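Asker: Here it is: the structure, laid out below.
The values are calculated or read from the model by the stated rules, or taken from the named source; none is laboratory data. Not measured: the values here are computed from a predicted model. All Cβ positions, glycine included, derive from the backbone under ideal geometry; neighbour counts span all protein chains shown. Ligands, DNA and RNA are excluded from the accessible area calculation, which covers all protein heavy atoms including side chains. Shrake-Rupley method; radii C 1.70, N 1.55, O 1.52, S 1.80 Å.
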Amino acid sequence: MRIGHRLGHLPGHQLGRRFGWLWGAYGTSALGTWLAFGAFPLIAIQVLHAGPAEVAALSSVGAAVGAAVAVPLGPWVEFRRKRPVLIAMDLVRFAALLTIPAAYALGVLTFLQLLLVSIVVAAADITFRAASGAYLKTLLAAEDLLVANARFESTAWTTTIIGPPLGGAAIGLLGPVATVVADAVSYLLSALGIRATGGHEPRPERREATRMRAGDLLDGWRYILADATLRPLLLNTALFNGLVMAVQPLLAVLMLGRLGFTPWQYGLAFAAPSIAGLLGSRLARPLVTRFGQHQVLVVAGALRAIWPVGLAFLGSGTGGLLLVMGVELGLIFCCGVFNPVHATYRLERTATDRVARTLSAWAVTTKASTALLTALWGVLGTLLGPRTAIGLAGVLLLATPLLLPGRAAAQLSEPDQESEPDPAPFGSSTPAGRW
């Protein structure tokens, strides 16, 4: 409580020069990602004349295979310095994305190349997230984790607001390949920013000198399933994220097809409410200070589940547009509060020498479940109709709060803090952070 009280009275809480570089690197790569939002499907359609099945495969298969490729990388990252891994994953994504404009310029771009690049980028994304979580917990004191996560969440929603409109304008003027170049360059700038953080990072010690075995690939899942709070939280996250993302293609078909919304109206319906995510992320720390971490986690996690069912009642015209914007506004606000609290809660409950494996398993699970549910809801949308399938997902989402961890379980499975190393072993008195 004293920590929360102290943070509550430090609105300008400083995390140091390293955090500034890392925060800037994150903002740059996030903006690049949103500038290129939807670029791959557009390239597939406009340049390669791909059909609906190929476009769907580009999203679902790319994510699923990328998740499978990333499975052995979690244990591999655990016993390596995290900053070089972060830089390497940024450079991998930079190089992979840059092959697309190069092939396009030479007239040899193929759908297979788009698919392979999406797989490489998905695997690098998961590996980057695993390493960055471990890096954050090592660099920051425990009481600074929520501050950093809230700032990254705020930045994420800010780039969500400004990125797609700018990217759409760039695509209209220069074509979708140009935004892929911007995305690639953003990863290069991110790598340079991470490199600029400096500091000495000791190599993590392997407890056993033996080579990695096949069973080690499941360490992250074993750790999660053995924890009474991480286990339900993973199931909640995988199901919630998967169902929310699964209805997006059906919602596009419904709005742009049967209901006759224009593309700019469709974009406005999802871009404008993103400002609620910025507000929610700003309120996360004060709410935790006032009500406690677990209470905010459960309440925000439950409230975010009540909104999507409203999309089943979507109609045409201004009323329909306002309905979508209202639903998204409420959903995004609750997610803006929940996400940084969830990220902090998960890090605090994970032993430092298990973070990379745990976060890798987490990301693989959520990506794979999203791909699976997206494919399944595509079938349901064909059989039942888009509106019915959207409503079914909304009803199922109402049950997801049952998977949030209870207070009793959290108290019974408190992590062993005695085995934790010093939270700032880099020889610096100024804490720093990552995303």
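Asker: Output yes when any residue across the range 237-252 is modelled with pLDDT under 85 and either hydroxyl-bearing (Ser, Thr, Tyr) or open to solvent by less than 10 Å² (accessible area, probe 1.4 Å) (or both), and no when none is.
Answerer: No, the conditions are met nowhere in the range 237-252.
Asker: A further question on this structure: Given the criterion open to solvent by less than 30 Å² (accessible area, probe 1.4 Å) and touching a residue at least 24 places away in the same chain (Cβ under 8 Å), identify the matching residue among Gly267, Gly310. Give the derivation first.
Answerer: Details: Gly267 fails: open to solvent by less than 30 Å² (accessible area, probe 1.4 Å).
On inspection, the qualifying residue turns out to be Gly310.
Asker: What is the number of the single condition among (1) more than 16 Å from the chain's Cα centre (by Cα); (2) over 20 Å from Val77 (Cβ atoms); (3) buried (at least 21 other Cβ atoms within 10 Å of the Cβ) that Phe111 does not meet?
Answerer: (3)
Asker: Collect the residues in the range 142-160 that are among the hydrophobic types (A, V, I, L, M, F, W, C) and crowded, with 18+ Cβ neighbours inside 10 Å, keeping them in residue-number order.
Answerer: Those that are among the hydrophobic types (A, V, I, L, M, F, W, C) and crowded, with 18+ Cβ neighbours inside 10 Å: Leu145, Leu146, Val147, Ala148, Ala150, Phe152, Ala156, Trp157.
Asker: Can you list the helices (runs of 4 or more DSSP H) found entirely within the range 319-416 that contain at least 1 residues being in contact with an Asp or Glu (Cβ under 8 Å, 6 or more places away or on another chain) and modelled with pLDDT under 95?
Answerer: Ranges flagged: 355-384.
Asker: When you scan the range 331-352, do you find a residue that is of a type in the set (Gly, Ala, Ser), farther than 20 Å from Gly220 by Cα and either more than 14 Å from the chain's Cα centre (by Cα) or surrounded by 24 or more Cβ atoms within 10 Å (Cβ to Cβ) (or both), even just one?
Answerer: yes
Asker: From Asp227, Asp219, which residue is closer than 26 Å to Ala343 by Cβ and part of a loop (DSSP other than H, G, I, E, B)?
Answerer: Asp227
Asker: For the structure I just gave you, tell me whether Pro52 is under 30 Å from Tyr345 (Cα atoms) and modelled with pLDDT under 85.
Answerer: Against the criterion (under 30 Å from Tyr345 (Cα atoms) and modelled with pLDDT under 85), Pro52 does not qualify.
Asker: How many residues are without any contact (Cβ under 8 Å) to a residue 24 or more places away in the chain and on the phi > 0 side of the Ramachandran plot if we restrict to the range 36-85?
Answerer: Matching residues across the range 36-85 total 1.
Asker: With out of contact with any Pro (no Cβ under 8 Å at 6 or more places or on another chain) and assigned to a loop (DSSP other than H, G, I, E, B) as the only criterion, which of Phe240, Phe261 stands out?
Answerer: Numbers: Phe240 fails: assigned to a loop (DSSP other than H, G, I, E, B).
Testing whether each residue is out of contact with any Pro (no Cβ under 8 Å at 6 or more places or on another chain) and assigned to a loop (DSSP other than H, G, I, E, B) leaves just Phe261.
Asker: Please count how many residues of the range 37-56 are open to solvent by 50 Å² or more (accessible area, probe 1.4 Å) and not aliphatic (A, V, I, L, M).
Answerer: Of the residues in the range 37-56, 5 are open to solvent by 50 Å² or more (accessible area, probe 1.4 Å) and not aliphatic (A, V, I, L, M).
Asker: For Leu116, all conditions in the list (1) part of a helix (DSSP H, G or I); (2) at pLDDT below 80; (3) surrounded by 15 or more Cβ atoms within 10 Å (Cβ to Cβ) hold save one; what is the number of the exception?
Answerer: Leu116 satisfies every listed condition except (2).
Asker: Among the candidates Leu188, Leu146, single out the residue that is touching a Phe, Trp or Tyr at 6+ places or on another chain (Cβ under 7 Å) and at pLDDT 80 or above.
Answerer: Answer to the selection: Leu188.
Asker: Assuming Ser59 fulfils every condition listed in (1) touching a Phe, Trp or Tyr at 6+ places or on another chain (Cβ under 6 Å); (2) open to solvent by 50 Å² or more (accessible area, probe 1.4 Å) apart from one, which condition is it?
Answerer: (1)
Asker: Taking the condition at pLDDT 85 or above and under 25 Å from Gly242 (Cα atoms), does Leu106 pass?
Answerer: Working: at pLDDT 85 or above: yes; under 25 Å from Gly242 (Cα atoms): no.
Here the answer is no, as Leu106 does not meet what is asked.
Asker: Does the range 74-108 hold any residues that are over 21 Å from Phe40 (Cα atoms), open to solvent by less than 50 Å² (accessible area, probe 1.4 Å) and either not in a helix (DSSP H, G or I) or not small (Gly, Ala, Ser) (or both), and which are they?
Answerer: Pro75, Val77, Glu78, Phe79, Lys82, Arg83, Val85, Leu86, Ile87, listed by residue number.
Asker: Going by what's in this entry, would Ile275 be described as more than 18 Å from Ala343 (Cβ to Cβ), open to solvent by 50 Å² or more (accessible area, probe 1.4 Å), in contact with a Phe, Trp or Tyr (Cβ under 8 Å, 6 or more places away or on another chain) and hydrophobic (A, V, I, L, M, F, W, C)?
Answerer: yes
Asker: For Val379, state whether it is free of Cβ contacts under 8 Å to residues at least 12 places away in the same chain, closer than 30 Å to Val69 by Cβ and open to solvent by 10 Å² or more (accessible area, probe 1.4 Å).
Answerer: Yes.
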